[in-house]
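> I have a structure here, written as structure tokens, and I will follow up with some questions on it.
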Ligand SMILES: [Zn+2]
């Protein structure tokens, strides 16, 4: 089913340069809570602004703190599109599989080892969106600018998405490190769903730890949460610098993702 109310959105409109931000970081901004009805379920989001730019803050895990494999990714991405956001910036926490973790990471590409997540809006029609450049270059450039202005160390590379919710074993990390640089549980399928919705999408990854199989001591989910909380002001600065820099016009090809995707 292709939800008509979503498919008919004019993705080239410049009238509402709303930026959706997906994650669970407390950016310390106030706003109005909204419930957005989508064909996939309700999504709660906060309308606010950052640097004078309207933003829609969408909590990935919601008030019930759903685990990554149960997050309703289709509803989240559909909510961004229905709110008429043209751009979706995702904040994801990851573990580093490289020897020296930096603070932040911008994925250029991904591989995934998930198992049971709906990964398309087009269940009844063969639709193959291109993934030769999975992340929007305009948002990536803006995030790079934001990182620089915030003085934050960052690296780029390949994101590996696992199903979770358990952390990885040493053997899994040995295998996964053949494929990518960081490992997380939330970056897929939202990256693909955003492309299907013709949204611009990029991810700002926060490296919270060395991947569990490489860490010297035991890794706890609480450690990950504390690191995220500690770096929240930096994340806010990076995002603010980035979205202020984004031009109104989308000069990338993300809004044409469906032009040749249907068979
Ligand atoms: Zn784009």
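> Taking 20 °C and 1.002 mPa s as the conditions, I'd like the Stokes-Einstein D for region 138-244 in µm²/s, using the Kirkwood hydrodynamic radius from alpha carbon pairs.
On the way: Rh = 15.3 Å.
Taking Rh from Cα pairs, D becomes 140 µm²/s.
> Taking R0 as 25 Å, what FRET efficiency do you get between residue 29 and residue 156 from their Cβ-Cβ distance, rounded to the nearest 0.05?
Working: r = 27 Å, r/R0 = 1.09.
The value I calculate is 0.35.
> Cα atoms only: what Rg and Dmax, in Å, come out for region 14-256?
16.8, 51
> Could you check the spin-label model distance between residue 124 and residue 232? Points 7 Å from the Cα along Cα→Cβ, value in nm.
4.3 nm
> OK, next. Name the shape class, rounded, prolate or oblate, that the alpha-carbon gyration tensor gives for region 14-59, where a ≥ b ≥ c are the square roots of its eigenvalues, rounded holds for a/c under 1.5, and otherwise prolate holds if a/b is larger than b/c and oblate otherwise. Walk me through the numbers before you get to the answer.
Numbers: a/c = 2.01, a/b = 1.26, b/c = 1.59.
Oblate.
> Another question about this same structure. Restricting to bridges with both residues inside the chain, how much of the DSSP beta-bridge set is antiparallel, in percent to the nearest 5?
Numbers: 18 of 50 bridges.
Roughly 35 percent of the DSSP beta bridges within the chain come out antiparallel.
> Pick from 69, 166, 61 the residue whose mean-square fluctuation is largest in a GNM of the chain, springs joining Cα atoms under 10 Å.
Looking only at 69, 166, 61, the largest GNM fluctuation is found for 166.
> Could you work out which residue, out of 195, 86, 230, moves most in a Gaussian network model of the chain, that is, has the largest mean-square fluctuation with Cα springs under 10 Å?
For the chain, modelled as a Gaussian network with Cα springs under 10 Å, the answer is 230.
> Right, another one. For the chain, what relative contact order do you get, as a whole percent, if you take Cα pairs closer than 8 Å and at least 6 residues apart? Intermediate values should be presented prior to the final figure.
Working: 543 pairs, mean separation 71.2, N = 263.
Relative CO of the chain lands at 27 percent.
> A follow-up question, please. Which whole-number percentage describes the relative contact order of region 129-201, with Cα contacts under 8 Å and a sequence gap of 6 or more? Don't jump to the answer; show the numbers that get you there.
Numbers: 53 pairs, mean separation 31.1, N = 73.
About 43 percent, as a whole number.
> Residue 248 versus residue 115, label points 7 Å from Cα toward the beta carbon: distance in nm?
Inter-label distance under the simple model: 4.9 nm.
> Where does helix 73-82 land angle-wise versus the long Cα axis of the chain, in degrees 0 to 90, nearest 10?
For helix 73-82, the angle is close to 40 degrees.
> Once you've got the GNM for the chain with C-alpha springs shorter than 10 Å, pick whichever of 134, 107, 67 has the biggest mean-square fluctuation.
Maximum among the listed residues: 67.
> Quick check: the angle from helix 137-149's long axis to the longest principal axis of the chain, C-alpha only, nearest 10 degrees?
50 degrees
> Can you tell me the 0 to 90 degree angle between the C-alpha axis of helix 232-245 and the longest principal axis of the chain, rounded to 10?
40 degrees
> Between residue 70 and residue 42, what is the spin-label point distance in nm, taking each point 7 Å from the Cα along the Cα→C-beta axis?
Reported label-point gap for residue 70 and residue 42 is 1.8 nm.
Here, each number is a calculation from the coordinates, and none is a lab measurement. Only a predicted model underlies this, so the values are computations on that prediction, with no experimental measurement involved. When we count neighbours, we look across all protein chains shown, and the Cβ atoms used for this are built from the backbone with ideal geometry, even at glycine.
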